[in-house]
Amino acid sequence: MSTAMALSAPPTPALRRAARSDLDALRRFLAGLSLQSAYRRFFAGVRRVPDPMLVRLLGQDASRTAVVAVHDGEIVGHAMYALSPGDEPTADIAVVVADAWQRRGIGSRLVAAVVDEARARGVRRAGFTVLPENEPVRRMVLRTWPDSQPRYVDGELTYLVDLRPTWLPRPRLPRRARPAAITI
């Protein structure tokens, strides 16, 4: 007698722009990070994030955009970019995913969402500042931008990547008519 097991896919959190109403959920999310995850994101073992910093992390001003991954009403991931000043601004991107949700592609999806937001604003470059031991983010950057080479400065790696599309869509060709059935 065989028993059939129903396999279900793990839940996929919804991505959306962060809103002011996410302040308390973001506070709970950040407080729930392990010291390692908090250190990898903020370069410090943060336990409590001050309210002014939480407001900046919501990305509600003209120079910032934030996206959150949400499951059952709780934030399980956060990514944002902040534009650096200059003639050609760079979107400085940061991402963090709750420990229980890591290694499911959520960080890559969050980064793709903020990159799309930056491209829509005409931003042509992005930067990632990463601790050398942060292998998951380093691998994600190299998977997405395989030619990127980091600069090592003051114990941190900085990747600068080009956000301009490197391919052009192929023109749509008309569908060929199917040959008539051959009968013998």
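Here, each number is a calculation from the coordinates, and none is a lab measurement. The shown structure was predicted, so the numbers you read here are calculated from the model rather than taken from an experiment. A quick note on method: Cβ atoms are made from the backbone with ideal geometry, for glycine too, and the neighbour counts reach across all protein chains shown.
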(message) Can you tell me, using C-alpha contacts under 8 Å and at least 6 residues apart, the relative contact order of the range 81-155 as a whole percent?
(response) 29 percent
(request) In Å³ and rounded to a whole number, note down the convex hull volume per residue for the Cα atoms of the range 5-122. (result) 114 Å³
(request) Name all residues of the range 83-117 having a backbone nitrogen under 15 Å from the label point set 7 Å from the Cα of Arg28 along its Cα→Cβ direction, giving them as ranges. (result) 98
(message) Show me, for the range 64-76, the HN-Hα J-couplings you get by feeding each phi into the Karplus relation (A = 6.51, B = -1.76, C = 1.60, θ = phi - 60°), rounded to Hz, glycine and proline as x.
(response) 9, 9, 10, 10, 10, 9, 10, 9, 6, x, 10, 6, 10
(message) Taking θ = phi - 60°, what integer Hz values does the Karplus form 6.51 cos²θ - 1.76 cosθ + 1.60 yield along the range 138-153, in sequence order, with x for Gly and Pro?
(response) 4, 5, 4, 4, 5, 5, 7, 10, x, 8, 6, 10, x, 9, 9, 9
(message) If I stretch the segment between Glu135 and Ser84 completely, what's the gain in nm (0.36 nm per residue apart, minus their alpha carbon distance), one decimal?
(response) 15.9 nm
(request) Using a 10 Å cut-off on Cβ atoms, rank the peptides 72-81, 16-25, 31-40 from the highest mean neighbour count down. (result) 72-81, 31-40, 16-25
(message) Suppose R0 equals 30 Å. What FRET efficiency, 1/(1 + (r/R0)^6) with r the Cβ-Cβ distance, do Arg124 and Gln60 give to the nearest 0.05?
(response) 0.80
(request) Report the relative contact order of the range 117-164, percent, no decimals, based on alpha-carbon pairs under 8 angstrom and at least 6 residues apart. (result) 50 percent
(message) In whole Hz and in residue order, list the ³J(HN,Hα) couplings for the range 79-85 that follow from phi through the Karplus curve 6.51 cos²θ - 1.76 cosθ + 1.60, θ = phi - 60°; x for Gly and Pro.
(response) 9, 7, 10, 10, 6, 7, x
